[in-house]
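Visitor: Quick one: structure below, then a few questions.
The values are calculated or read from the model by the stated rules, or taken from the named source; none is laboratory data. Owing to the predicted nature of the structure, the values given are computational and were not obtained by experimental measurement. Here the Cβ positions follow ideal geometry from the backbone for every residue, glycine too, while neighbour counts run over all protein chains shown. Surface accessibility is based on the protein's heavy atoms, side chains included, excluding ligands, DNA and RNA. Shrake-Rupley method; radii C 1.70, N 1.55, O 1.52, S 1.80 Å.
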Amino acid sequence: MSSCLHLGQACSHPRLFVQANTERFEMETRGINHVEGGWPKDVNPLELEQTIRFRKKVEKDENYVNAIMQLGSIMEHCIKQNNAIDIYQEYFDDEDAVEVTEEAPSAKTINVFRDPQEIKRSATHLSWHPDGNRKLAVAYSCLNFQRAPEGMSHESYIWDLENPNRPEIVLKPSSSLVTLEYNPKDSHVLLGGCYNGQLACWDTRKGSLVAELSTIEFSHRDPVYGSIWLQSKTGTECFSASTDGQVMWWDIRKMSEPTEVVILDITRKEQLESALGAISLEFESTLPTKFMVGTEQGIVISCNRKAKTSAEKIVCTFPGHHGPIYALQRNPFYPKNFLTVGDWTTRIWSEDSRESSIMWTKYHMAYLTDGAWSPVRPAVFFTTKMDGTLDIWDFVFKQCDPALSLKVCDEALFCLRVQDNGCFIACGSQLGTTTLLEVSNGLCTLQRNEKNTASSIFERETRREKILEARHREMRLKEKGKVEGKDDDQREEETTLNLEELVTKAEEEFFDIIFEELKKKEAEAMKKKPKPKHQDLETDEEVEGEDQGEEEGDHAETPT
């Protein structure tokens with residue numbers, strides 16, 4: 001009895017519980033081509049009479065009747081099961097959306113996809129599969145200039161969400177991929193921006209090798225930090241952007257050279273030396289003529305891709321951040337408002353206010369690396385930081401602090417991407433680990449009156465910012481007027497001083513001229529004075545002696 005009790009106590013000890021990872025059941029999807037066949041040689045399947053005659057002959061066979069009877073019983077059983085309960089039936093289609101209960105925001109880890117290579121690379125970009133979001137494409141690269149370790153692989157992967165053990169498809173570019181994007185119209189086609197500046201295109205039906213590749217002489221000179229698909233009839237047009245200051249317009253059907261090039265020179269002189277380097281791109285299908293570029297100098301550039309002249313391509317600029325803008329995205333519900341992520345803060349902008357953002361988060365201690373709006377809630381957005389933290393913001397609920405701050409991993413998070421239904425978030429880290437998170441129901445369900453509330457907040461902050469801008473303009477004009485008034489006073493003082501100096505100088509010159517004239521007249525008068533006549537002829541010396549004697553005598557007679 002005591003031994004059994006001792007055994008029971010030992011078994012209940014927490015250290016004796018053992019956890020083990022069992023092998024996951026792996027599934028593969030394979031397709032087959034089926035064509036109608038099985039006809040005898042003497043029967044032409046295109047002739048309707050011959051096929052009907054052959055079918056009547058087969059239907060009379062006893063084996064055919066027995067096979068049909070057996071299949072009929074199986075089918076009848078399945079039909080009865082389906083009549084009993086329909087597993088695909090939607091019971092609450094007609095019901096209104098139930099308001100979500102006020103629960104604390106939360107998120108949990110669903111899966112982790114690790115880089116299978118021994119030499120780890122950073123996960124630099126993520127893209128969800130457009131059909132059902134069952135797969136996730138991850139671009140891997142080392143962004144440290146000339147510090148990539150030897151033997152580092154250039155491969156990137158497409159992961160199946162149900163199988164984190166090994167990637168489903170391996171993409172093999174000539175250079176490491178910095179960006180990777182699924183084509184929204186054709187889920188088999190992917191666009192990748194390479195570290196060496198080239199643009200690559202894959203068709204997963206053709207294998208892992210590159211299907212189309214841009215020529216090196218017409219590609220970017222720096223890594224392609226931004227690549228995005230455009231809304232077009234063919235679904236083959238795309239943009240690429242790099243820190244070399246160029247945005248290129250491509251058609252993947254002819255990748256030899258770009259269709260058009262936009263130089264990001266805000267002075268509109270189109271000089272590549274003074275162009276701003278591009279880090280992020282944004283294109284909204286509802287605004288087909290516009291696209292936006294986030295630069296490494298912290299300035300957002302709004303461009304018009306339908307402009308006829310080069311000077312008209314750059315419409316306006318927004319002075320965004322102190323450093324590179326790593327994320328730039330329009331609000332899916334209100335495209336006039338867009339989100340930027342850079343340095344230590346996130347900013348929300350309105351196209352109607354170009355001098356300053358209308359809303360911004362506090363300055364964090366860690367550097368921000370990426371951000372995105374929620375596709376289902378207009379007031380929710382997500383940001384990642386260098387300390388491995390994912391922040392979820394809901395500015396209807398709280399504006400000073402994030403609604404949820406989650407420590408995803410110990411290393412820095414470099415990128416994030418939100419699924420179309422808003423429930424799943426994928427975060428890529430510095431060591432190539434991609435974490436799949438599921439947020440709580442309240443963060444991915446549209447709240448009552450949320451659209452109106454978010455719209456009113458955007459409009460209110462835009463009006464406030466316009467008032468402040470007008471006030472600042474008035475203050476600047478007043479200061480300018482004061483400075484100009486001071487300048488006028490100084491100029492008047494200078495002119496009065498100059499006038500006094502000029503008068504004094506003129507007087508001096510006037511009196512100098514008068515004195516010179518008097519001296520001249522005195523000299524002329526002395527010359528015209530007559531000499532005394534002597535009766536006796538005397539020598540000059542005697543005359544001079546007499547004159548001297550007379551002068552001495554005169555002096556002597558003069559009273560002292």
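Visitor: Looking at (1) of a type in the set (Ser, Thr, Tyr); (2) surrounded by 13 or more Cβ atoms within 10 Å (Cβ to Cβ); (3) out of contact with any Pro (no Cβ under 8 Å at 6 or more places or on another chain), which is the only condition Ser242 fails?
Guide: Failing condition for Ser242: (3).
Visitor: If you check every pair at least six apart or on different chains, which have Cβ atoms under 8 Å apart with a residue in segment 49-61 that is in a helix (DSSP H, G or I) first and a residue that is of a type in the set (Phe, Trp, Tyr) second?
Guide: Once the first residue is in a helix (DSSP H, G or I) and sits in segment 49-61, its partners that are of a type in the set (Phe, Trp, Tyr) give Thr51/Trp39; Phe54/Trp39; Val58/Tyr64.
Visitor: While we're here: Being of a type in the set (Gly, Ala, Ser), closer than 24 Å to Thr340 by Cβ, open to solvent by less than 20 Å² (accessible area, probe 1.4 Å) and assigned to a helix (DSSP H, G or I) is true for just one of Ala426, Ala454. Which residue is that? Steps first, answer last, please.
Guide: Values: Ala426 fails: assigned to a helix (DSSP H, G or I).
One residue alone meets the criteria, Ala454.
Visitor: Quick one: in segment 120-136, of everything that is part of a strand (DSSP E or B) and not polar (S, T, N, Q), which residue is surrounded by the most Cβ atoms within 10 Å (Cβ to Cβ)? Lay out the reasoning, then the answer.
Guide: The first filter runs over segment 120-136 and keeps only residues part of a strand (DSSP E or B), leaving 122-128, 135-136.
Okay, now just the ones that are also not polar (S, T, N, Q), so 123, 125-126, 128, 135-136.
On the way: Ala123: 28, His125: 26, Leu126: 24, Trp128: 20, Lys135: 21, Leu136: 26.
So, considering only residues that are part of a strand (DSSP E or B) and not polar (S, T, N, Q), the one surrounded by the most Cβ atoms within 10 Å (Cβ to Cβ) is Ala123.
Visitor: With Cys415, Cys423 as the choices, which residue is closer than 30 Å to Asn449 by Cα and hydrophobic (A, V, I, L, M, F, W, C)?
Guide: Numbers: Cys415 fails: closer than 30 Å to Asn449 by Cα.
Of the residues listed, the single one that is closer than 30 Å to Asn449 by Cα and hydrophobic (A, V, I, L, M, F, W, C) is Cys423.
Visitor: Shifting gears a bit: Is segment 401-415 home to any residue that is under 13 Å from the mean Cα position of the chain (by Cα), touching a residue at least 60 places away in the same chain (Cβ under 8 Å), within 29 Å of Ala139 (Cα to Cα) and part of a strand (DSSP E or B)?
Guide: For segment 401-415, residues under 13 Å from the mean Cα position of the chain (by Cα), touching a residue at least 60 places away in the same chain (Cβ under 8 Å), within 29 Å of Ala139 (Cα to Cα) and part of a strand (DSSP E or B): present.
Visitor: Scan (1) in contact with a Pro (Cβ under 8 Å, 6 or more places away or on another chain); (2) surrounded by 19 or more Cβ atoms within 10 Å (Cβ to Cβ) for the single condition Leu287 breaks and write down its number.
Guide: Single failed check for Leu287: (2).
Visitor: Spot the failing condition for Lys172; the list is (1) open to solvent by less than 20 Å² (accessible area, probe 1.4 Å); (2) touching a Leu at 6+ places or on another chain (Cβ under 9 Å), and only one is missed.
Guide: Among (1) open to solvent by less than 20 Å² (accessible area, probe 1.4 Å); (2) touching a Leu at 6+ places or on another chain (Cβ under 9 Å), Lys172 violates only (1).
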